[in-house]
Amino acid sequence: KSKGPDKQTMTASTSEVVLDNVISLLQTSRNILVLTGAGISVSCGIPDFRSENGIYNMVCDMDLGLPDPESLFDKEFFLDDPVPLYKFLRTLSPAGNAPSVTHRFIRSIEERKKLLRNYTQNVDALELAAGINKAVFCHGSLATGSCSKCSKTKHIPFRDKIFSSSIPLCSFCSEALRPDIIFFGEKLPVKVNKLITSDRDKADLLVCIGTSLSVAPVSGFLDFLPADVPRILINRTVPKKYGSSFHYQLLGDCDIITTYLSARLGWSNTSEQTSTSGPPFSLSIAEAGVVLFGDQTDGNPVVGHGQGKQKHKLTAANPSAENLHHLDGDAILSDASESDKTDLTAEDNFLYHCDRCSGDIQEVRYSCEKCFDYDLCS
């Protein structure tokens, strides 16, 4: 098998083939699924999770009394002591952050009636500020809050309460109010599961932007979509698990990349009313340090020029869920062979719950191939 052109033989025309194919997909697709993560909000002043200046390192530097950074978003820890979460949230800017160039790029897709859905893992709700009507908040939003105990206070405006001098309390039962975000260990909203199940056979392109795809179950979108749906990645790095699942990878600053794509597509309004105007449209992808991977017209993987650090060969998209044993409907294959079973890592244990008994799935997880995020323990 060809390993693709050597770095020394890279030419501008090679990269142009990759970019032309990406542009063609964006032009011709009519039902685009966009999956976004924290990387699209970094230029808005909102930190991501895992980078050097991300939330987890910020939490480590703060005296919050947490056993580990992830406890900040643990439901049981919050119910026991809501102070650390509110203390951290108050370090973020109370002013309304403007959406980024990338948010506007997604809005431009919607304005051209090409956006099937924008599934976002972010809780900052900047999609609403950008005017993206088809945004789905997979992990909830800080825009609203509810009582952590009773059901009488639900989904009330919450931003101002986050930055109040005291912990906001329910006016009915006096328990702490919680932001309407999905804590670790909680199921995704039912709406998310229904929509992605409905969108599965409609999507003709998947674009993942600013996400490491390291948080389940949203990362399972790639396994759930049909294998023949083209996939484009726009991110600083290649996701560890799903790097080979993309037909095209554009690695670098997502605002720079989406600004470039907008210029090529003639979507000149992308940089309006954003937190940053982005680089000039004349700036080339190579000058911006963006690395390209993708299929040429003959189907062979190629690597584009640029100054990025990642250099991975792209294989044909093959998002098979090799870690799952697929079921038809909710039937259990009680006689599944050992080769069909996969032990879950400790990192994944708390993320999955059985949809039949509601218990944590400790060892073997069975997943329905027709319904998203439907899992059984045995």
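The values are calculated or read from the model by the stated rules, or taken from the named source; none is laboratory data. In this text the structure is predicted, and so the values were computed from the model without any measurement. Every residue, glycine as well, gets a Cβ built from its backbone with ideal geometry; the counts of neighbours run over all protein chains shown. The accessibility values were calculated without ligands, DNA or RNA, using every heavy atom of the protein model including side chains. Shrake-Rupley method; radii C 1.70, N 1.55, O 1.52, S 1.80 Å.
Listing for the model above:
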read-out	value
Test: residue in region 211-225 that is over 17 Å from the mean Cα position of the chain (by Cα) and either within 29 Å of residue 376 (Cβ to Cβ) or surrounded by 18 or more Cβ atoms within 10 Å (Cβ to Cβ) (or both)	no
Test: residue in region 199-208 that is touching a residue at least 24 places away in the same chain (Cβ under 8 Å), open to solvent by less than 20 Å² (accessible area, probe 1.4 Å) and of a type in the set (Gly, Ala, Ser)	yes
Enumeration of residues in region 24-57 that are open to solvent by 40 Å² or more (accessible area, probe 1.4 Å), in a helix (DSSP H, G or I) and closer than 20 Å to residue 140 by Cα	42
Among residues of region 75-118, those that are touching a strand residue (DSSP E or B) at 6+ places or on another chain (Cβ under 7 Å) and either within 17 Å of residue 258 (Cβ to Cβ) or acidic (Asp, Glu) (or both), counted	6
Sole exception among (1) open to solvent by less than 20 Å² (accessible area, probe 1.4 Å); (2) assigned to a loop (DSSP other than H, G, I, E, B); (3) over 20 Å from residue 161 (Cβ atoms) for residue 67, by number	(1)
Residues that are at pLDDT below 90 and part of a loop (DSSP other than H, G, I, E, B), drawn from region 82-114	90, 91, 92, 93, 94, 95, 96, 97, 98
Entirely in region 121-197, the strands (runs of 3 or more DSSP E) that have 2 or more residues that are open to solvent by 20 Å² or more (accessible area, probe 1.4 Å)	140-147, 177-181
Sole exception among (1) modelled with pLDDT of 90 or more; (2) charged (D, E, K, R); (3) surrounded by fewer than 19 Cβ atoms within 10 Å (Cβ to Cβ) for residue 117, by number	(3)
Selected residue [over 22 Å from residue 19 (Cβ atoms) and either touching a helix residue (DSSP H, G or I) at 6+ places or on another chain (Cβ under 7 Å) or touching a residue at least 60 places away in the same chain (Cβ under 8 Å) (or both)] from 246, 221	221
Residue check for residue 244: part of a helix (DSSP H, G or I) and either in contact with a Cys (Cβ under 9 Å, 6 or more places away or on another chain) or surrounded by fewer than 18 Cβ atoms within 10 Å (Cβ to Cβ) (or both)	yes
